[in-house]
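One structure is given here, and the rest of the page talks about it.
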Amino acid sequence: MQIFNGRHGASIEGDFVLFLIGVRVNRWRSILSFLPVGRAMGRMQEELLADPSHGCLHIENWFGRNTISLQYWRSFEHLERYSRRADAQHLPAWADFNRRIRDNGDIGIWHETYLVSAGRYEAVYGNMHRFGLAAAGDHNPLGKQSTAALRSGIRQTDEPPIEGY
């Protein structure tokens, strides 16, 4: 994994979707209930990354009691289309989860979906490999005058938000 020294930013053309999805083991005695869920998530992610037409641009995962997957998608339509496809991994995995676990409390699941408008975000990476949005889109060195307000399109000039700062 190549480390890029210095400050870098990320950019991506057009709107995109940030999708966070996670699983939590609520009862340690039920850890074995997590295994099929984890295997299903792995199969879904392999399927998504193998075919760019699904619209999934990049995935990052963190594992533990609270397992989190950070996903960048080209559009909400791509995400929704994949989740409803009868020939994709998602629907059988969802049906299996509901049949075995649904409301028993052993395993918690959650997701959050953020629709991000073009140019209305900012990202900074210092001495990092291409990660997150920088792995999903473009990864660019930042100049010393680059600020969060400029990168996110909040302001066109770097004026302090509060006088005196």
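Every number in this text was worked out from the coordinates using simple rules, so none of it is lab data. Note that the structure is a prediction, hence the values are computed from the model and not measured. As a convention, Cβ positions derive from the backbone with ideal geometry for all residues, glycine included, and neighbour counts pool all protein chains shown.
Taking Cβ atoms as reference points and 9 Å as the exclusive limit, the residues near V25 contribute a net charge of +2, counting Lys and Arg as +1 and Asp and Glu as -1. Return the single residue from Y114, Y82, Y125 with maximal mean-square fluctuation; model: Gaussian network over the chain, springs between Cα atoms under 10 Å. Among Y114, Y82, Y125, the largest mean-square fluctuation in the Gaussian network model of the chain belongs to Y114. The trypsin sites (Lys or Arg not before Pro) of segment 43-110 that DSSP puts in a loop, and whose beta carbon has at most 14 other beta carbons within 10 Å, are R65, R85, R102.
Modelled label positions at A149 and Q45, each set 7 Å beyond Cα in the direction of Cβ, lie 3.8 nm from each other. The charge dipole of segment 63-108, taken about its Cα centre with unit charges on the Cβ atoms of Lys, Arg (+1), Asp and Glu (-1) only, comes to about 40 debye.
Going from the fewest other Cβ atoms within 10 Å to the most, the residues T113, T157, T67 appear in the order T157, T113, T67. Secondary-structure-derived ellipticity at 222 nm for the chain, considering helices only, amounts to -8500 deg cm²/dmol, per-run term -39500 (n - 2.57) for DSSP H runs with n ≥ 4.
Can you give the FRET efficiency for D138 and N5, using 1/(1 + (r/R0)^6), R0 = 22 Å, r = Cβ-Cβ distance, to the nearest 0.05? According to the calculation, E is roughly 0.75.
Of G105, A136, L20, which is farthest on the positive side of the dipole of the chain, counting Cα position, with +1 on Lys and Arg Cβ, -1 on Asp and Glu Cβ, and the Cα centre as origin? After comparing all options, I get G105. Could you list log10 I(q)/I(0) for the chain at q = 0.08, 0.13 Å⁻¹, which the Debye formula gives when each Cα is one point scatterer? These q points yield log10 I(q)/I(0) values of -0.32, -0.75.
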